[in-house]
Each structure stands twice: as C-alpha cells, then as structure tokens.
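Trainee: Before anything else, here's the structure in question.
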Amino acid sequence: MPQHAQHPATMPLRWSLLVAPVAGALILSGCAAGGGDDGGDSGGDSAAADSFSVMVAQANDQDVAYQELITQYSEETGVDVEVIPYPSEAYNTQLTTQLQAGNAADAMILAPGTGQPISVISLAEAGFLEPVDETSADVIPEGTESMYEVDGKIYAQPTSLSVSGFVYNPAAGEEVGVDEFPSSFDDLLEACKTARDGGKSFAVIAGGVPFNTGLLAQIVSATRVYAETPDWNQQRADGDVTFADSDGWKQTLEDIITMNEEGCYQDGAAGGTFDSITNGLGGGSALSAPVPGSAATSINAGAGLETDVQAFPPADGQDAFALASANYAWGINAAAEDGAKAAVQQFLDWAAEPEQAKTFADLFGAVPISGISADTLLPVYQPIAELLESGAYAGLPNAEWPNPAVYDALGVGVQGLLTGQKTVDQVLEEMDAAWG
C-alpha cells in the first residue's frame with residue numbers, strides 16, 4: 001500500500017510504493033462479499049451507529065495522519081472509531097484476505113482506479129464495497145470519475161491530492177549559480193550545464209529502479225501529453241491512439257534521453273537507487289529529484305532544508321502543467337452492518353468539508369481534495385500553487401492504465417534508454433503490447 005510522509009531514512013520505501021502499481025493481483029473467484037446489499041448508498045435510511053472501525057496502512061509509528069483526523073472527528077462528535085493500522089508492506093494482503101473472509105473493518109483506505117489488489121474498481125466490481133453518497137462524489141477531481149464509478153455508482157471518496165514533480169533545493173542551486181528553477185526545457189538544459197560546472201548535478205534519479213524511472217517519465221509527460229490532451233488515457237482505452245504513434249510520448253522519452261546526454265543526471269544515474277536520491281538531495285550534491293511532492297516536507301523536516309515542489313518545464317509552445325492525483329480513498333465495506341455504513345458515511349461527509357480537507361492534507365503533506373486555495377497551501381507547494389488552484393494538472397497517468405504491466409514497461413524501458421539498450425520506438429511499442 002502506498003505510504004505518506006515519514007523521515008528521510010525511510011523515504012526510499014515510501015517513494016517506490018507511492019508511484020508504482022503493486023505487483024500481483026487479487027483473485028476474487030467470481031464471488032462477492034457476504035452480507036452486502038444490492039445497491040443504495042451507505043446504509044440507506046438506517047440510523048447511524050455510534051461507532052465504526054477503519055483499517056489504514058501505517059509506514060511507521062510517526063505515520064499518524066489518518067489517526068489524527070479520526071481522533072478529531074471522535075472528539076467533535078462523540079462517535080467511537082476503532083483505527084486498525086497495518087504495516088504498509090502487508091496492507092494489501094491483509095485487506096484483501098479479510099474482505100474475502102467477510103471480517104474486514106467497516107471502512108478502509110483504498111487506491112482509486114484499477115491495477116492494484118486494493119483498487120476501488122476491482123473491489124467494487126467484486127461486490128466488496130458499498131456505494132457512497134453525493135457528498136463523497138462531489139469531491140472527486142473532474143475527469144477522474146471513472147476511477148471510482150461502476151454502473152453509475154460511486155464507491156469511494158478520495159482523501160487528498162498527492163503532487164508528483166521535481167523536489168527542488170533552491171539553496172543548492174544558488175551555490176552553483178542556478179538562481180531559480182528553469183521555466184522552459186531549454187533553460188533546464190542550460191541549468192544542467194551550470195550545475196555540472198559547479199560540481200553538482202541538476203537532478204538525481206534512481207535509474208536502476210523502474211518505480212522511479214517510470215515516475216520521471218510520467219512527470220515529463222504532463223506537459224508533453226496531458227496538458228494538450230487531458231483525456232489521452234481514455235482515447236488509448238478506446239483504441240483511438242497508441243503510445244507508438246503519440247508525438248507527445250515520443251517527445252517525453254526523447255527529452256529524458258536528451259537530459260542524460262546533457263549531463264542533467266548524476267554520474268552513474270542508470271544504476272542509481274533511492275539511496276542516491278536521499279543522499280543527493282540531503283547532501284546537496286544534486287539540485288532536484290523526480291519524486292512525490294510530499295517527500296519535500298519529509299526532507300525539510302529531517303535534513304533541515306527548504307526544498308519545494310516544481311512542475312517539469314514545458315517545451316517551446318507548451319503551457320506549464322502539473323501532476324496531482326488522488327492516490328488514496330476511503331471505502332465502505334459492503335459487508336458492514338447498516339448502522340456502521342451510515343456512521344462511516346457521516347464521517348466521510350465531515351472529512352469532505354474544506355476545513356477538514358485542509359487539516360488532513362497538511363497532516364499528510366499533500367493538497368486538499370476540496371477548497372484548494374493558493375494562499376493556504378503548504379509552503380512547499382507555492383511554486384505550483386496557481387496551477388493547482390486553476391486546475392492546470394492531470395492525475396498520474398498509470399492510475400488509469402489497465403494493468404501494472406504498462407507501467408512496468410515504461411519504467412524498465414526508461415532504464416533501457418539510459419543505458420542505450422532500448423530505443424524510444426521499442427519502449428512505446430512494448431507499452432502498447434502490455435496494454436493488451
């Protein structure tokens with residue numbers, strides 16, 4: 001299960017899991033969970049119970065954002081909520097096993113879309129989830145409804161927006177004469193040269209880890225593909241476009257190659273690990289890294305830096321654009337008692353209010369799912385605050401891809417581009433083949 005903000009010592013695990021589809025698939029045996037009904041929403045007209053349980057993923061003892069939000073709710077309402085944390089690395093297995101056994105918590109944290117064992121669509125289609133109400137539906141980012149909807153019903157409520165971009169250290173840049181984050185791709189290449197001349201690299205990547213190389217490509221694709229064609233994934237699903245024939249995806253991968261040729265990455269980037277990122281950013285030998293934006297809050301707290309989050313620079317003729325996804329969502333167990341379902345929905349309605357949305361986002365190191373205001377975002381997001389407030393962003397592309405193999409093909413393919421063992425055309429053709 002993806003995780004959120006934690007100390008830099010544990011960030012490599014977090015970063016890798018946040019952006020990559022979890023390996024493996026939930027085998028549902030074609031049967032739905034017992035005890036659920038055939039529709040309605042969250043307990044229908046049943047009176048809400050005065051307690052419910054919720055299962056969450058927990059990376060470590062300091063990973064308490066869910067707990068703190070729920071504690072606030074309990075204090076305000078008197079509702080008794082049992083929070084059941086599971087270690088992040090075991091969360092997927094525990095949740096799916098309990099759902100199939102009929103003894104899961106009344107509510108749980110899920111992943112929107114498809115492609116993971118705990119994905120909303122997969123679990124809803126199998127009958128494990130209860131529909132949520134209109135309040136929950138109203139906070140879903142526009143254009144992403146398909147990641148929550150089955151047969152006209154919505155099955156989960158997103159928690160917050162997680163930004164992916166380049167976490168940038170302005171102080172490290174100033175040390176070598178890079179006074180600001182580049183505003184265009186040409187400026188970025190010039191900044192790469194300036195950083196090299198000063199003994200640093202502009203970016204540090206985990207080039208030996210497909211999770212991170214795939215994320216790098218997705219971050220670049222924001223301006224190259226999705227700014228101009230926000231519904232590109234849907235067009236791919238409809239068979240109207242392919243990766244191999246996409247000029248935007250070709251430019252995405254070609255720009256990654258160009259950055260490699262121009263020395264933008266650290267020496268030995270193709271074999272880089274998450275330790276390379278931690279050490280490069282924390283030690284000041286690199287100016288930036290392609291990672292989830294919430295990592296900036298962890299780095300700043302753990303290493304005493306003042307990093308921020310930047311969108312990848314557009315090429316000539318392109319507009320600035322960011323990636324921000326609702327990577328986590330609250331779901332209601334279809335097998336829960338009706339009173340518990342109603343109690344969970346009341347909590348979700350409360351959590352959807354802008355005040356609570358901001359409270360949770362700040363705890364989580366993320367962006368509120370509702371009521372986004374440039375003036376009230378965490379400081380690390382100020383460089384892209386106007387993009388977020390205006391809606392100039394798309395979700396992580398792979399959240400809408402049909403299976404993990406497409407993302408695997410991208411991540412491994414970018415590794416091949418870094419080593420010279422693959423061509424752009426080969427990578428895109430392999431992604432199309434993985435799409436099925």
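The values are calculated or read from the model by the stated rules, or taken from the named source; none is laboratory data. The model shown is predicted, which means the values in this text are computed figures rather than measured ones. Don't worry about glycine lacking a Cβ; one is built from the backbone with ideal geometry, like all the others, and counts go over all protein chains shown.
Trainee: Looking at (1) touching a residue at least 24 places away in the same chain (Cβ under 8 Å); (2) in a helix (DSSP H, G or I); (3) not basic (Lys, Arg), find the lone condition where Ala336 falls short.
Mentor: Only one criterion in (1) touching a residue at least 24 places away in the same chain (Cβ under 8 Å); (2) in a helix (DSSP H, G or I); (3) not basic (Lys, Arg) is unmet by Ala336, namely (2).
Trainee: Is the stretch 405-414 home to any residue that is of a type outside the set (A, V, I, L, M, F, W, C) and farther than 30 Å from Asn300 by Cβ? Step through it out loud before you land on a result.
Mentor: Looking only at the stretch 405-414, we keep the residues that are of a type outside the set (A, V, I, L, M, F, W, C), and these are 407-408, 411, 413.
Next, from what is left, pick out any that are farther than 30 Å from Asn300 by Cβ: 408, 413.
Yes, the stretch 405-414 contains a residue that is of a type outside the set (A, V, I, L, M, F, W, C) and farther than 30 Å from Asn300 by Cβ.
Trainee: Within the stretch 250-287, count every residue that is touching a Lys or Arg at 6+ places or on another chain (Cβ under 7 Å) and either small (Gly, Ala, Ser) or under 21 Å from Leu305 (Cβ atoms) (or both).
Mentor: Adding up the residues that qualify gives 4.
Trainee: Also: If a residue must be part of a loop (DSSP other than H, G, I, E, B) and over 30 Å from Phe274 (Cα atoms), how many such residues does the stretch 243-260 contain? Before the answer, list the steps.
Mentor: The initial filter retains those residues of the stretch 243-260 that are part of a loop (DSSP other than H, G, I, E, B), namely 243-246.
Those left that are additionally over 30 Å from Phe274 (Cα atoms): 245-246.
The total comes to 2.
Trainee: Moving on. Considering only the stretch 325-348, state which residues are in contact with an Asp or Glu (Cβ under 7 Å, 6 or more places away or on another chain) and under 22 Å from Ala111 (Cβ atoms).
Mentor: Ile332, Asn333, Ala334, Ala336, Lys341, Val344, Gln345, listed by residue number.
Trainee: With respect to Gln116, is the statement that it is assigned to a loop (DSSP other than H, G, I, E, B), under 25 Å from Ser298 (Cβ atoms) and of a type outside the set (Asp, Glu) true?
Mentor: Yes; evaluated as a whole, the condition is true for this residue.
A quick yes/no check of all residues on (1) of a type outside the set (S, T, N, Q); (2) in the same structural domain as Glu337 (by TED's automatic domain parsing):
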site	(1), (2)
Asn103	no, yes
Asp106	yes, yes
Thr135	no, yes
Met147	yes, yes
Tyr168	yes, no
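Trainee: Those residues that are surrounded by 19 or more Cβ atoms within 10 Å (Cβ to Cβ), among the β-branched types (Val, Ile, Thr) and part of a helix (DSSP H, G or I), I need them from the stretch 183-242; list them, please.
Mentor: Correct list: Thr213, Ile219, Val220, Thr223, Val225.
Trainee: Can you name every residue in the stretch 87-112 that is part of a strand (DSSP E or B) and in contact (Cβ under 8 Å) with a residue 60 or more places away in the chain? Before the answer, list the steps.
Mentor: Going residue by residue through the stretch 87-112, those that are part of a strand (DSSP E or B) are 87, 107-111.
Hits for the stretch 87-112 are Ala107, Met108, Ile109, Leu110, Ala111.
Trainee: Can you work out which of the residues in the stretch 83-107 that are among the small types (Gly, Ala, Ser) and modelled with pLDDT under 95 is surrounded by the fewest Cβ atoms within 10 Å (Cβ to Cβ)?
Mentor: Residues of the stretch 83-107 that are among the small types (Gly, Ala, Ser), as a first pass: 88, 90, 101-102, 104-105, 107.
Subsequent filtering for residues that are modelled with pLDDT under 95 retains 88, 90.
Values: Ser88: 21, Ala90: 12.
The selected residue is Ala90.
Trainee: Under 8 Å between Cβ atoms, at least 6 apart or on separate chains: pull out the pairs that start in the stretch 410-436 with a residue that is closer than 20 Å to Asp247 by Cβ and end on any residue that is basic (Lys, Arg) and part of a loop (DSSP other than H, G, I, E, B).
Mentor: As it stands, the answer is Gly413/Lys422, since those pairs meet every condition given.
Trainee: For the stretch 295-323, how many residues meet the condition of being outside any loop (DSSP other than H, G, I, E, B), over 15 Å from Pro182 (Cβ atoms) and out of contact with any Leu (no Cβ under 8 Å at 6 or more places or on another chain)?
Mentor: 6
Trainee: Which condition breaks for Gln218 when tested against (1) of a type outside the set (Ser, Thr, Tyr); (2) in contact with a Phe, Trp or Tyr (Cβ under 8 Å, 6 or more places away or on another chain); (3) touching a residue at least 24 places away in the same chain (Cβ under 8 Å); (4) under 30 Å from Ser136 (Cβ atoms)?
Mentor: Looking at each condition in turn, Gln218 falls short on (2).
Trainee: Turning to a different aspect of this structure: Kindly indicate whether Thr144 is without any contact (Cβ under 8 Å) to a residue 40 or more places away in the chain and touching a Gly at 6+ places or on another chain (Cβ under 6 Å). I'd like the intermediate steps shown before the answer.
Mentor: On the way: without any contact (Cβ under 8 Å) to a residue 40 or more places away in the chain: no; touching a Gly at 6+ places or on another chain (Cβ under 6 Å): yes.
No, not satisfied.
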